[in-house]
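Report on one structure; see the data block that follows.
Derivation of every value follows stated rules applied to the coordinates shown; laboratory data play no part. As the structure is a prediction and not an experimental result, all values here were calculated from the model. Because the Cβ atoms are built from the backbone with ideal geometry, glycine has one as well, and the counts that use them run over all protein chains shown.
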Amino acid sequence: APGHRDFIKNMISGAAQADVGLLMVPADGNFTTAIQKGDHKAGEIQGQTRQHARLLNLLGVKQLVVGVNKMDSDPAGPYKKERYDEIANEMRSMLVRTGWKKDFVTGNVPVIPISGWQGDNLLKKSTNMAWYTGQEVSSQSGKKVKVHTLLDALNDFAEMPERKNDAPMRVPISGIYKIKGVGDVI
């Protein structure tokens, strides 16, 4: 979801139906703002990434991938392993503090360094981040998967959950409108 609070309703609508969540966090100077805790009483706004992480957990998303984007844009220098390690550790800690179970975060959540602008670690392993040798995680079914790229995470790690085809149909409703002469439109 775009990083603006006006779109949070759309994020909730989509996440409520999601089989897997992709939580993006910037590696540039906006990282601190994205995960800030916030303080309602002091008027400090909670970071969007933190808010989305909490909502994904509350909505029951059982598979999660973290993308550390903008690895090419870090002010300290592009593609730094130290920056990735700092962000990956902070993200794991933040996920636990927002309600995700620690063993799930450490064993089932791949944290992938990427650059959407340059295409690094999206479809194929990047030569710009040769230090990243991938991450072995357990899928929802318990299968061990080595994840190098976002494509690996979506194709090999994320699994379609079991569907109960004989259960009653469930449809999310985003609004009910009363139209004179027509009735209620859902």
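List of remarks:
- Amide H contacts under 5 Å for THR98, placed H, 5+ residues apart: none
- Length available on full extension from LEU154 to GLN140: 0.36 nm per residue minus the Cα-Cα distance, which gives 3.8 nm.
- Among [x] 116; [y] 162; [z] 182, the entry that matches volume of the Cα convex hull per residue in Å³ as calculated here: [y]
- Placing pseudo-labels 7 Å out from each Cα toward the beta carbon at ALA42 and LYS124 gives an inter-label distance of 4.8 nm.
- Only DSSP H runs of four or more residues enter the estimate; each adds -39500 (n - 2.57), and after division by the residues of the chain the mean residue ellipticity at 222 nm equals -7500 deg cm²/dmol.
- For SER73, the amide hydrogen comes within under 5 Å of the amide hydrogens of TYR79, counting only partners 5 or more places away or on other chains and with H modelled in the peptide plane.
- Filtered trypsin sites (Lys or Arg not before Pro), region 54-148: DSSP coil and at most 11 other beta carbons within 10 Å: LYS143
- Taking 0.36 nm per residue of sequence separation and removing the Cα-Cα distance, the ALA167/LYS102 pair yields an extension gain of 20.2 nm.
- Whole-Hz ³J(HN,Hα) from phi, Karplus 6.51 cos²θ - 1.76 cosθ + 1.60, for region 26-34, glycine and proline x: x, 8, 7, x, 7, 4, 4, 5, 5
- Taking each residue as 0.36 nm, the span from THR133 to ILE8 lengthens on full extension beyond its C-alpha to C-alpha distance by 41.6 nm.
- Karplus-derived 3J(HN,Hα) values for region 142-155, using 6.51 cos²θ - 1.76 cosθ + 1.60 with θ = phi - 60°, are x, 6, 7, 10, 9, 9, 10, 10, 5, 4, 4, 4, 7, 7 Hz; glycine and proline are entered as x.
- In order through region 128-141: 3J(HN,Hα) via Karplus (6.51 cos²θ - 1.76 cosθ + 1.60), integer Hz, x for Gly, Pro: 6, 10, 4, 5, 7, 9, x, 9, 8, 9, 9, 6, 4, 7
- Normalised by the number of residues in the chain, the average gap of Cα pairs under 8 Å and 6 or more apart makes the relative contact order 17 percent.
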